[in-house]
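Read the structure below first, then the notes.
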Amino acid sequence: MNKAANIAGVFFGLLFVVFGLNFFLKFIPMPPGPPEGSPPALFMAAMFPTGYLAFVKVIEIVGGVLVATPRTRNFGLLALGPIVVNILAFQVFLAKGAGLLDPPVVLVTALSLFLLWCERKSFLALLRKPTAQPATKGLAVDATATAV
């Protein structure tokens with residue numbers, strides 16, 4: 001499973017790095033936008049000129065690099081998780097499910113869920129209640145001391 005997680009992590013990270021860089025470098029042609037006046041068009045009209053989408057794309061690039069590296073994969077998943085949820089929310093609520101089964105959306109969702117499943121023990125540790133530590137901090141215990 002570790003080998004599969006590494007391959008999935010590299011591919012998932014590469015997807016976000018490539019599409020994040022494409023926003024700035026424009027090396028992949030963009031498909032035509034949504035019809036003018038539609039909810040997706042209004043949403044994108046707010047995202048582009050404000051610089052918010054540029055910020056999201058920088059997070060995608062950084063998160064993609066982090067996910068592709070096994071040692072920092074969990075940090076990358078934490079950075080990209082909200083972006084994946086937003087992609088799904090956009091498809092469900094604004095596009096009314098029209099692009100929900102598009103291959104990139106399905107691939108990003110499947111890879112993120114697979115990686116989350118592979119790293120579930122690490123993320124479940126965030127939900128566990130912290131255990132109480134014994135109050136021995138600052139107290140010196142002398143093993144050679146005898147009771148009087």
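The values are calculated or read from the model by the stated rules, or taken from the named source; none is laboratory data. The shown structure was predicted, so the numbers you read here are calculated from the model rather than taken from an experiment. Note that each Cβ is placed from the backbone with ideal geometry, even for glycine, and that neighbours are counted across all protein chains shown.
Residues of the stretch 15-37 that are touching a helix residue (DSSP H, G or I) at 6+ places or on another chain (Cβ under 8 Å) and among the small types (Gly, Ala, Ser): Gly20, Gly33. Applying a threshold of 7 Å to beta carbon distances and a minimum spacing of six or more residues, or different chains, the list of pairs starting in the stretch 93-108 at a residue that is within 18 Å of Ile83 (Cβ to Cβ) and ending at one that is assigned to a loop (DSSP other than H, G, I, E, B) and small (Gly, Ala, Ser) reads Val105/Gly99. Number of residues in the stretch 91-125 that are surrounded by 15 or more Cβ atoms within 10 Å (Cβ to Cβ), more than 16 Å from the chain's Cα centre (by Cα) and part of a helix (DSSP H, G or I) equals 2. Suppose we filter Phe43, Phe55, Phe24 for residues that are under 19 Å from Asn86 (Cα atoms), aromatic (Phe, Trp, Tyr), part of a helix (DSSP H, G or I) and in contact (Cβ under 8 Å) with a residue 24 or more places away in the chain; which single one remains? After ruling out the rest, the residue left standing is Phe43. Can you tell me which residue is surrounded by the fewest Cβ atoms within 10 Å (Cβ to Cβ) among those in the stretch 1-49 that are more than 27 Å from Lys96 (Cα to Cα) and polar (S, T, N, Q)? Only one residue tops the list, namely Asn2. Looking at Pro130, is it part of a loop (DSSP other than H, G, I, E, B) and at pLDDT below 95? Judged against the criteria, Pro130 is a match.
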